[in-house]
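The values are calculated or read from the model by the stated rules, or taken from the named source; none is laboratory data. Predicted model, so just to flag it, every value in this text is computed and none were measured. Heads up: the accessible areas ignore ligands, DNA and RNA and are worked out on the full protein's heavy atoms, side chains in. Shrake-Rupley method; radii C 1.70, N 1.55, O 1.52, S 1.80 Å.
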Amino acid sequence: MDLAVLLAIVIFILVRRPPKPRKRIDAVLTMTLVLVFGVLIAPTSFGHWILDATNDLAQGVTQAATP
């Protein structure tokens, strides 16, 4: 199993937990896992697709906001 897939599953489980007050360590753990996940998928074709989609979205918002 790919490490990125495993991290995606862990992040999904952490985010789906009931919204109750979380400890600071939980927030730091979640942010760290998301950062590592981003680093792992960045050089892949899926990471490039996400970057291109985000770039297209940002350009569309910028063009829509410019009169």
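From the list ILE11, ILE25, ILE50, ILE41, the lone residue that is at pLDDT below 85 and open to solvent by 100 Å² or more (accessible area, probe 1.4 Å) is ILE25. A single member of LEU3, LEU35 is modelled with pLDDT under 80 and among the hydrophobic types (A, V, I, L, M, F, W, C), and it is LEU3.
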